[in-house]
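The next block holds one structure in the form of structure tokens; read it before the comments.
The values are calculated or read from the model by the stated rules, or taken from the named source; none is laboratory data. The structure displayed is predicted, hence computed values, not measured ones. Glycine also receives a Cβ, built like all others from the backbone with ideal geometry; neighbour counts cover every protein chain displayed. Please note that ligands, DNA and RNA were not included when accessible areas were found on the heavy atoms of the full protein model with its side chains. Shrake-Rupley method; radii C 1.70, N 1.55, O 1.52, S 1.80 Å.
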Amino acid sequence: MNTLKRVLNWIFSWRGLVAVLVILFFVAPVIESWRVEALREGAISALEKKRGSRVIVLIHRQESVNVLGIPVVRYINIDDSEDVLRAIRFTDKSTPLDLILHTPGGLVLAASQIAKAIKRHPAKTTVFVPHYAMSGGTLIALAANEDIMDANAVLGPIDPQLGDFPAASVLRVVERKPIDKVDDMTLVLADQSKKAIAQITALAQELLSGKMPAEKAREGAQHLASGAWTHDVPIPAETAKDLSGLPVSTAMPEEVFQLIGLYQQAHEGQPSVFYLPGPRYKKGETAGQEAAIP
């Protein structure tokens, strides 16, 4: 009893409170980070054993984090391309590659390096898109032998963006106005836009080549890169299959969903979505069946 009293007195002393605060704000997050990292490694290892492949995860989940009031956006960058290329170099040429992709896009240079490395890998390459892979992410998806998307997952157009302006829109401005009414800066942007669209179209065609007839690859590349849509339009699996001509499946392994669930986005305050865990089935249904919508 005396021992318990001494412990409680120490905890509620200023030294004890400082120690508790240190544990809560510094030690506990580090331990939780180690725990989550161990779970991720275990999930990746299990998926590799199941599929007999090298699994590479490229996930950007900090789309809305703010630091000192400044939004921090994660995207495909040179660090990502270096890491992915390193992983591919360490993979035997006869070992299939599985890339789990969740990204808003990023640098064309980095995305094209990853895409070309996937294209060059001799064994089968598969890109899994559990939620979305836009812009540069779509470019990477075009390089794979097969894309596996959730039924509600989407890709996006690959039309180049010059700063705040879509390249295709800059060209249309120049086409519609008399040349003497167009300022020099717009003309420079138009020149860069024409080159950028041609370069991205050629890259996409290169990634699709060898998987379909050349004319089909050219048409798909032009449609995705020409600016026919806005840059953020969602392209579902059915449309992606028609445009790219690639094998696109919606048979997403449950292990992929479990893995991406271990990459939770950091939240400021309460989450906007909440539900009780576990599946819900109507009486008499078996696991794997969805309840019909009334």
* Given the protein chains as shown and a 1.4 Å probe, how many square angstrom of residue 171 are accessible, to the nearest 10? -> 40
* To do: Go ahead and run the numbers for FRET between residue 83 and residue 164, Cβ-Cβ distance against an R0 of 51 Å, rounding to 0.05.
  => 0.95
* How much length is gained on full extension from residue 276 to residue 202, taking 0.36 nm per residue of separation minus their Cα-Cα distance? -> 21.9 nm
* Structure fact -> Among 93/195; 119/195; 124/195, the pairs whose Cα-Cα distance exceeds 27 Å are 93/195; 124/195
* Structure fact -> Expressed in angstrom, Rg and Dmax over the Cα atoms of region 38-189 are 18.8, 64
* **Between region 232-264 and region 74-147, the Cα center-to-center distance that results, in Å** => 14
* Round to the nearest 10 and report in Å² the accessible area of residue 201, as given by a 1.4 Å probe over the protein chains' heavy atoms. => 20
* Taking the Cβ of residue 153 as the center, what net charge do the other residues with Cβ under 13 Å away carry, scoring Lys and Arg +1 and Asp and Glu -1? -> -2
